[in-house]
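Accompanying notes for the structure given below.
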Amino acid sequence: MTAQGIAYFIFGLTLVILFGIIIAFYYSKKRHKKVEDPKYKMFEDDD
């Protein structure tokens, strides 16, 4: 494998890992709870 082939492989692997981290963060239950709680809290507030 040439240096260029190794560079493409490392770049591709880095992109796959990065997208995996982004997807894991986006679908995390902790994030979902933090985003959704204020909406339901607003509905429950009766002034």
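The values are calculated or read from the model by the stated rules, or taken from the named source; none is laboratory data. Computed from a predicted structure; not experimentally measured. FYI the Cβ positions are ideal-geometry reconstructions off the backbone, even for glycines, and counts take in every protein chain you see.
Condition first: modelled with pLDDT of 80 or more, over 22 Å from the mean Cα position of the chain (by Cα) and not in a helix (DSSP H, G or I). Can you find one or more residues in region 1-8 that meet it?
Yes, the conditions are met somewhere in region 1-8.
Under the condition of being surrounded by 10 or more Cβ atoms within 10 Å (Cβ to Cβ) and of a type in the set (Ser, Thr, Tyr), which residue from region 9-47 is farthest from the chain's Cα centre (by Cα)?
THR14
Consider ALA3 carefully, then state whether it is without any contact (Cβ under 8 Å) to a residue 60 or more places away in the chain and surrounded by 10 or more Cβ atoms within 10 Å (Cβ to Cβ).
No.
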